[in-house]
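Below is one structure, written out as structure tokens; the observations come after it.
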Amino acid sequence: MCISCRQRDAQNNLIRLQCVDSQLSLFRGNGRSFYICKICLEDSKKVLKALMRQCKSGDRDKFSNILKEIITDDRKS
């Protein structure tokens, strides 16, 4: 389920992320994680609000930059 739009979808249509010590990263295999759908990634305002709520942090610019890096890395692979 996407944390932004709450829509259910197959895991291959979602990006799995995690927050460790208020740092956003791709899921590394341990700990709690969450999903964001590829449709919601185009609406950055809605996604950033969900990320700040999920990671319990208010640093909007940091999340925006990290999310852009993760998206570009994910598209290259």
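Using a 1.4 Å probe, what is the accessible area per residue for the chain, in Å²? Could the numbers behind the result be given before it?
Details: 5350 Å² over 77 residues.
Here the residues of the chain average 69 Å² of exposed surface.
Leaving out ligands, DNA and RNA, what percent of the accessible area of the chain is carbon and sulfur, probe 1.4 Å?
44
Expressed as a rounded percentage, what relative contact order does the chain have, with Cα pairs under 8 Å and six or more residues apart? Intermediate results must be reported in sequence, preceding the final value.
Details: 85 pairs, mean separation 21.6, N = 77.
It comes to 28 percent, rounded to a whole number.
What are the extents of the Cα atoms of the stretch 34-74 along their three principal axes, listed from largest to smallest and rounded to whole Å?
Dimensions of the stretch 34-74 along the principal axes of its Cα atoms: 24, 17, 16 Å.
The values are calculated or read from the model by the stated rules, or taken from the named source; none is laboratory data. Since the structure is predicted, the reported quantities are computational estimates derived from the model, not experimental observations. Calculation scope for accessible area: heavy atoms of the full protein, side chains included, ligands and nucleic acids excluded. Shrake-Rupley method; radii C 1.70, N 1.55, O 1.52, S 1.80 Å.
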